[in-house]
Every structure is written in structure tokens, then in C-alpha cells.
1. Give me a comma-separated list of calculated 3J(HN,Hα) values for region 90-106, in order, Karplus coefficients 6.51, -1.76, 1.60 applied at θ = phi - 60°, integers in Hz, x for any Gly or Pro.
2. Taking Rg/Rh (Cα atoms, Kirkwood Rh) straight from the coordinates, which label in (i) 1.01; (ii) 1.10; (iii) 1.50 is the correct one?
3. In region 16-122, what trypsin sites (Lys or Arg not before Pro) fall in a loop by DSSP, with at most 14 other Cβ atoms inside 10 Å?
4. Give the lysines whose C-alpha is closer than 22 Å to that of Lys98, dropping any in the same chain fewer than 8 places away, or say none.
5. Given a cut-off of under 8 Å on Cα pairs at least six residues apart, what relative contact order in percent is computed for region 1-63?
6. Given a 1.4 Å probe and every protein chain left where it sits, what share in percent of the accessible area of the chain is carbon and sulfur?
7. Can you work out the accessible area per residue across the chain, with the rest of the protein chains kept in place, probe 1.4 Å, in square angstrom?
8. Taking θ = phi - 60°, what integer Hz values does the Karplus form 6.51 cos²θ - 1.76 cosθ + 1.60 yield along region 24-30, in sequence order, with x for Gly and Pro?
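The values are calculated or read from the model by the stated rules, or taken from the named source; none is laboratory data. Given the structure is predicted, the values throughout are model-derived calculations rather than measurements. Note that each Cβ is placed from the backbone with ideal geometry, even for glycine, and that neighbours are counted across all protein chains shown. For accessibility, only protein heavy atoms count, side chains too; no ligands or nucleic acids. Shrake-Rupley method; radii C 1.70, N 1.55, O 1.52, S 1.80 Å.
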Amino acid sequence: MDEFQRIFEAYGADYQVTLGRFMGNRKLYMKFLGMLFQDENLGKLGNALEQRDMVAAFEAAHTLKGVTGNMGLTPLYDAVCSIVEPLRLREDREDYAKLYEDVCGQFKRAETLRADLSNVSD
């Protein structure tokens, strides 16, 4: 196992399945991973939750769910799933801020993953 795979799996992702989606092309994967951090849906989710706009919050969270799932970012994906389902059902909950905080924490972990993977030569 090389360093890229070790870091990827230590993060909690399935290396074989995820890189299979990218035809084994790590550079392509890293390009798309970088695009995640340019995406505005995390901010849109936070703003929509503050405004109690459950429709906009669901749309942003659902988009993040798809992207993070395809990117194999399992810990971030799991955190996003925790907020998507109650939003889908338009549940009136008091813990959305905590769920969003969890998503943000996992987003930071994914940023660290990106930095760590970027430091590994291919």
C-alpha cells in the first residue's frame, strides 16, 4: 500500500471503490476534490438554516450529499446524511445548528485530507 492509499483509508474512505470511479486517476480525483472546496453549498446550507428556509437547506445539503458520496468522503458524507433526511421530511428540529456544526467539522477534516494527499507525490 502506498502513502496516498494509506492516507485515504486512514481518513475513512474506501480507496478501491472511490478511485475506481475516477478510473484510478489520482490527478483527476484531486482536481475534483479541490472543486469541492470552491462549491458554495456548505455556505448556502448554513445561511438557509439560519433563515429557517428548509427547502433551500435541503437542496444545498442534498447536493453536498451527492458530491461527497461520489468523492468517497465517507465521514463527511455521513455527517451530511444526518442533516439531509430530517430536512427532506421538513422536520422542525432544534438540533440543526449542531448537525451543521458536525458537517463543518467533517468538512475541515476533508480539507486536511486534501492537503495531506497533495503532499504525496504520485
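1. 6, 5, 8, 10, 9, 9, 4, 4, 5, 4, 5, 4, 5, 4, 4, x, 6
2. (i)
3. When the trypsin sites (Lys or Arg not before Pro) of region 16-122 are filtered for loop state and at most 14 Cβ neighbours within 10 Å, Arg52, Arg90, Arg93 remain.
4. Partners within reach: Lys44, Lys65, Lys108.
5. Normalised by residue count, the contact order of region 1-63 is 18 percent.
6. C and S atoms contribute 49 percent here.
7. On a per-residue basis, the chain sits at 56 Å².
8. Coupling constants for region 24-30: x, 8, 5, 5, 5, 4, 5 Hz.
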